[in-house]
Structure formats: C-alpha cells, structure tokens
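The values are calculated or read from the model by the stated rules, or taken from the named source; none is laboratory data. Remember, predicted model here, so these are calculated numbers, not experimental data. Cβ: placed from backbone, ideal geometry, glycine included. Neighbour counts: every protein chain shown.
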Amino acid sequence: LKENNARHLWHPMAHPADSLANPPDIIVGGEGVEITDVDGFRSVDAVGGLWNVNLGYSCQPVKDAITAQLDKLPYYSIFRGTSNDAVIELSWMLKEFFAPDGLSRAFFTSGGSDSVEVSLRLARQYHKVRGEAGRTKFLSLKKGYHGTHTLGASVNGNANFRTQYEPLMAGCFHIPAPYTYRNPFNETDPERLAQMCLAALEDEIAFQGAGTIAAFIMEPVLGAGGVIPPHESFMPGVREICDRNGILLIADEVITAFGRTGDWTGSRHWGVQPDMACTAKAITNGYFPFGAVMLSDKIVEVFESDTSGKASIGSGYTYSGHPVGAAAAIACLKETERLSVKDNAAARGAQLFDGLKALQAKFELIGDVRGGHGLMCALELVSDRASKTAIDKKTVGRIHRATYEAGAMVRVSGPNIILSPPLVLTAAHVDTILSALDAGFASVA
Ligand code: PMP
C-alpha cells in the first residue's frame, strides 16, 4: 500500500517526490472524531478531514440516508428543468437555513471550486442581463483562497496559487487583507487596519471605475490563508462599499457555513447579508462531493425577469443536484441542527484558542495565535519573534510528525499549523490536541 501510494498517486498540494521521501500517513479508518492509520495508530483528527467533517466519521443517519437513496434513485440530472425529490427537499431546507442571510435559492455543484466558479459566472451574467455588460472585473482579498478552477484561481489572493498557471482571467485585483500580524501598513490595531483595508478597496474601485466591477468575493473568516478573522467592522464595511458602487458581494462560505465559526454562517457572524454564498465541504461532511451556491432574491429576480434568453445558458454540471449527495446533505443538515453544532464549536473553539495562547507563552516559535471564532484556529510559526522570520519547512515538518505521534493530526500550511477539528469534539479531545501540540513543540525546543 505504502509503495503504491508513493508511486502512483499524485498528492495535491504536496511535492510529487515528497511521498517517496517521506510517505504520508495512510488513513484506513475513522470513528467519531478519531482516525486510524495503516499501522493501527489512532489520533484525534484536528483537521476535520479538510475543514469539512464537522459531524465526525460515524454519522449513522447520513450513512442510512445515502444507502436508502442509492436503493431508490442513484442518479437523475437536474438539467433543463427535470428534477428529483431529494434535491427539492434539500432546496427547501437550505432556504430555511439561509433565510437570516437573505438567501433563498440554491444552485447545486459538486464542490467548493465549482461553487466559486458558478458564483463568479452568475455575477457577470447578472450584470449582462441587467444591461451592464461592462461589469466584468472581480475584486478579492490577498490571502483569500477560492479554489482551483480558472476563475477561482484568478481571484485567489496568494500569488503561489496563481502565477504557475498564468495567464489566468484578466481583470482580477487583490486588496490587502485585514491580517493584523503582517500587513503593508504595519498597523497592529485590528480596527484601524480594517479601515485601511476598506480605504484600499475604495481606492481600487475608483481606479478601475466602479462600472467595470462585477463582484467582490471574500471568505468571512479567511481559512487556507492561515485563519484570518477580520475585525467586526470589516465585512459590514465591504457590504456598504459594494452597495454604493453597484458591486455584488459574494461570500465564500465553503469553510465557514454550517457552524464552524460558532454561528450558522460566517456572514451572519458579522451581521452581513451577501448577494451569493458559496458552500460545499460540510454540506455533506465529506460523505459525498457536493456543493451549493445560495442566491438572494435580488439575483434570482433579475434572472427570472430576463426575456433575452441569456439567463438560461451557462453554468451547470452533470452532477449538479445529485440525489445521493442531496440525501446526504439533508441528513447532515438535520444532524447539524439537532446537535446545534455551532454552540459546541463556539465553546470548544474558545477552549482551544485559550490553550493555544498558553502554548504561545511557553514556546518562542509560536509567533501568532489566531482564532476566537469557533473551531478555526492557526498558529503562525517564526524562527525569531522580533523579526517575524518565517520558520523553515523542516522544523514545521518535525513538529507536525511529533504532534501526530502524540495523538493529533494537524495541518501544516506554509508557516502555519491549522486546526479545524470536527465540531462534535469534546473538551477531552481539545485537551488531547493541546497536549499533542505541546509534545510536538517540545520535540524541537
Ligand atoms: N473556497 C474556500 C474558501 C476553500 O477553503 C476551498 C477549499 N479548501 C475552496 C473554495 C475549494 O473547494 P474544493 O476543494 O471543494 O473545490
């Protein structure tokens, strides 16, 4: 197994040769919030799959729903007006779930990158249908992550995720993120920094010309960029600027929807109603590849009122609204609400965040601790706190390995250790993650 894993499987976001030099762990089992590797070693999955396994690995109602749907109707497309009963029920549940966010209709996809792609396409199409065909550009945040498809990659804020594939889509511009630990303004006060980033957004809009911009896309709490929660004034400020300039606001909620931030959606955390929200990941908790873009009435009304025929062509996937995915999503949503996982995310997230700050007091390598919004936390590692010099890859790798051997799988992303465990974990699991990290850091101290 290990040999085949190294030779015949390309691991995304890993060097093609890494798996030969240092075989990654092969996970063969999952139960509750724990995973078991090929050598029989069990650990708490502090990554939660990939920010998505909110309900853990043994959610019986989801398994039952998938099996029942496979027996009933394994597939039928929702292209050109046909439908299936599972996806209709899910649409109704999603409109109830997203009602406080002002989102009422679902466009189904097969995952997060698809959801981003669809939202950006719909944004351009929306303006075209309204007779504003000149609105084609997109704005986003440096450090933002929006998947791997061409439009999504073009709005990715991290240049490493763009430059190798260029030329990507023209007309995408990136605004400084409200990232207090490092920013071009050298500003350490989160509120003042948020105002500076908003001013930069206004400047960019003025420079490009408001009438050329289709949409601004942002994660309510930036995830893959290293867990960057903006100041509470930031997203409301973005909403106001977008409204004033006729620009759509797309919330990329691929990580943040369904309870991870301690509220049901990331946007709700900041009291903002976006025009569209991209979802995927926890919508099916990893049990099936699935996603949905949630749309506001404002968007739907424009498409419904179109008489030119333009509104009906464009995006859509063979697996849009897959009945098995829909059945999985219905069961996940029911469990998510029944267990009110957002409350546990808030409580356990606070415990984890406090514990990480205690680790920072103990280990010099921890330059910054970010979190405080549910179960999304990150440690940014530095070799020197004063100069904030990023730590070398080898040391992070050693910490990662030692933490795993002490009982917790964490995620390394550049100089960051990212924690996004299932939302159903207990206080004891959080203690296990913290003590494993303690051992991980002690191993290089
Ligand atoms: N948007 C965000 C905010 C994400 O974090 C991700 C994936 N980590 C994506 C989009 C892309 O999702 P997927 O990997 O399911 O295509």
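Within the stretch 136-168, how many residues are more than 16 Å from the ligand (Cβ to nearest atom) and either in a loop (DSSP other than H, G, I, E, B) or among the acidic types (Asp, Glu) (or both)?
Residues flagged as more than 16 Å from the ligand (Cβ to nearest atom) and either in a loop (DSSP other than H, G, I, E, B) or among the acidic types (Asp, Glu) (or both) within the stretch 136-168 amount to 3.
Which residue is surrounded by the most Cβ atoms within 10 Å (Cβ to Cβ), if the candidates are limited to the stretch 425-445 and must be among the polar types (S, T, N, Q) and not in a helix (DSSP H, G or I)? Please lay out each step first, then the result.
If we filter the stretch 425-445 for residues that are among the polar types (S, T, N, Q), which is where we start, we get 426, 432, 435, 443.
Filter once more, so that each one left must be not in a helix (DSSP H, G or I): 426, 443.
Numbers: Thr426: 13, Ser443: 15.
If we take residues in the stretch 425-445 being among the polar types (S, T, N, Q) and not in a helix (DSSP H, G or I), then Ser443 is surrounded by the most Cβ atoms within 10 Å (Cβ to Cβ).
For the stretch 169-195, what are the residues that are in contact with a Pro (Cβ under 9 Å, 6 or more places away or on another chain) and part of a loop (DSSP other than H, G, I, E, B)?
Within the stretch 169-195, Pro176, Ala177, Pro178, Tyr179, Thr180, Asn183, Pro184, Phe185 qualify.
Checking the condition surrounded by fewer than 23 Cβ atoms within 10 Å (Cβ to Cβ) and closer than 21 Å to Phe108 by Cα, which residue from Phe258, Phe288 passes? Quick ask: steps written out before the conclusion?
On the way: Phe258 fails: surrounded by fewer than 23 Cβ atoms within 10 Å (Cβ to Cβ).
Going through Phe258, Phe288 in turn, the sole match is Phe288.
Results for (1) of a type in the set (S, T, N, Q); (2) at pLDDT 95 or above, shown as yes or no for each residue.
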residue: Thr265; (1), (2): yes, yes
residue: Arg268; (1), (2): no, yes
residue: Gln273; (1), (2): yes, yes
residue: Cys278; (1), (2): no, yes
residue: Ile313; (1), (2): no, no
residue: Gly316; (1), (2): no, no
residue: Ala327; (1), (2): no, yes
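Out of all the residues in the stretch 103-114, is one or more touching a residue at least 24 places away in the same chain (Cβ under 8 Å) and over 19 Å from the mean Cα position of the chain (by Cα)? If you could, list the steps in order and put the result at the bottom.
Step one: filter the stretch 103-114 for residues touching a residue at least 24 places away in the same chain (Cβ under 8 Å), giving 103-114.
Adding the requirement that they be over 19 Å from the mean Cα position of the chain (by Cα) leaves 104-105.
So far as the stretch 103-114 goes, yes, one or more of its residues are touching a residue at least 24 places away in the same chain (Cβ under 8 Å) and over 19 Å from the mean Cα position of the chain (by Cα).
If we keep just the residues of the stretch 366-390 that are in a strand (DSSP E or B) and of a type in the set (Ser, Thr, Tyr), which is nearest to Ile433 (Cα to Cα)?
Ser383
Among the residues of the stretch 223-264, count how many are farther than 19 Å from Val47 by Cα and of a type in the set (Ser, Thr, Tyr).
Residues in the stretch 223-264 being farther than 19 Å from Val47 by Cα and of a type in the set (Ser, Thr, Tyr): 1 in total.
Just to confirm my filter: which helices (runs of 4 or more DSSP H) fall fully inside the stretch 252-347 and include at least 1 residues that are within 13 Å of the ligand (Cβ to nearest atom) and among the β-branched types (Val, Ile, Thr)?
Numbers: elements: 266-269, 297-304, 323-338.
Passing ranges: none, list empty.
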